[in-house]
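Before any comments, here is the structure.
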Amino acid sequence: MKIRVRIIWLLSSTFVVLVLLFSTIVYVLSSNYVFNDFYDRLETRTNTTIRIELDHRGDKEFVKEFKQEYLEKLPYEKSILIELDDSGKPLLNSRQVKEDSNFIYKVIKHKSAKERSKNLLRFGKMYVTKQGKSYVVYTSAKNMYYTKYKHYLGGLLISMFFSTVFLIIIVSLWLSKRLIKPITDLSTSVHNIGTENLHFRIQNKQEGDELGELIKTMNSMLDRLETSFETQNNFISNASHELNTPLTSIIGQADLMLSKDRSAEEYKIALNHILEEAEKLNKKTKALLFLAQTGFDGKKMTIENLRVDELIFETIETVNRIIPGNKIKFDFSTLPENLYALEIKGNSQLLQLALSNVLLNASKYSENQEVRIYLSHTKETISIHVKDNGIGIPPQDLSHIYDPFFRASNTTSFEGYGIGLPLTRNIMRQHKGKIIVHSEEEKGTLVSLVIPYKS
């Protein structure tokens, strides 16, 4: 059974049961109210009979006229007075009154009573006159209003019940469509994702609920898949290109030396050339392998509690050993007042590698000019910003900076392999963070490493 059908069935059945229960309660309570109201009318007529026949207070004729004018005649209404003897027994002197004897004795026992037999209702009470005589006074009538009211109320409730059921079904259809639509949209979006467009991300319009968390998880999965696919594709395409050059040079040099006998000096020069190319080949192979490793699932990383300031200091020390005399400065004024904002979870070695790549590039491409490190943070993330005043990146090259072995057109005079930023991006993805690069040619570059508190 589809979820939409289940939602319609569940909502409809629940509301139908509730409406049916509510209608039953209304019917029962209304019926009780009708009977109680009729008993009140009988009590009023019983009290009026006592005033007219026994009390003689005020104008007897006026009371009779008032009763006839303001108290409508009830169907089959009759008011009876039964005198009690000195022993308290009723003096029953007619067949009809004898038929009510059980009710009369009930009134004597309880001082007042009411009774219902189908539509015939009775109300009676004991009364003692000023002369000390005791009477049972009761009024009986048929509640014809109840029959009419019952039919009217029953018909109304049944009509309302079916109308409500119809509305419930319509509302259930509308609600189910509205509730299922995000899932349908999610299914459509997922179907549109393939190996050719792994960059596509599902739009999250359900922030804060379970479906929004599912979309976040799926987008995170797509990040990892895209990284893995890119790494695989880049490894194949770049390995064939980057490894071919030094291999061709090594093979060519070896063939040249073997083509005829050479002097010892020539062999020495050739071997040095082969060694240089082999070292380049070794570095590129290691870089490719490391890049491939950082494209795997981040769950395999060792996660630990880190402080961002300590991470920066340790990375600066590493860079100092590689580039002595660099001018990397950490802006302490940007440290947050709440030191807990510096605490993150991640892999120390990988994050140091990512930050060192950025710092090395900043020092190298600014020709050892001042490089500034500063921090900023939000409720969800903390960002490490690295600002240099170097050569910058040409606008046409910005879209390719994450391609392995790609080097900007203005970096030919600088040594490098074009592996730093792709490697840094992979590391940030493993930590569910991101790298943001802003650059202007001849003005400098700003690189931001955005790290979430919850990795």
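Summary of values
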| item | result |
| --- | --- |
| All aspartates and glutamates inside 13 Å of Lys114 as judged from Cα atoms, apart from same-chain residues fewer than 8 positions distant | Asp37, Asp40, Glu43, Asp100 |
| Interchain or long-range residues, amide H under 5 Å from Ile382's placed H | Ile451, Tyr453 |
| Nearest-0.05 FRET efficiency for Asn244 and His199, computed from C-beta distance (R0 30 Å) | 0.60 |
| Kirkwood Rh in Å, taken over segment 359-428 so that all alpha-carbon pairs contribute | 13.4 Å |
| Aspartates and glutamates with Cα under 14 Å of Lys106, excluding same-chain neighbours fewer than 8 positions away | Glu115 |
| Gain in span if fully extended, Asp403 to Thr44, counting 0.36 nm per residue against the direct Cα distance | 119.4 nm |
| Long pairs among Lys327/Lys432; Lys181/Lys454; Lys216/Lys434; Lys89/Lys125, criterion Cα-Cα beyond 21 Å | Lys327/Lys432; Lys181/Lys454 |
| For Ile328, distant residues with modelled amide H under 5 Å away | Val371 |
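Here, each number is a calculation from the coordinates, and none is a lab measurement. Because the structure is predicted, anything quoted here is derived from the model rather than measured. Please note: Cβ atoms are built from the backbone with ideal geometry, for glycine as well, and neighbour counts cover all protein chains shown.
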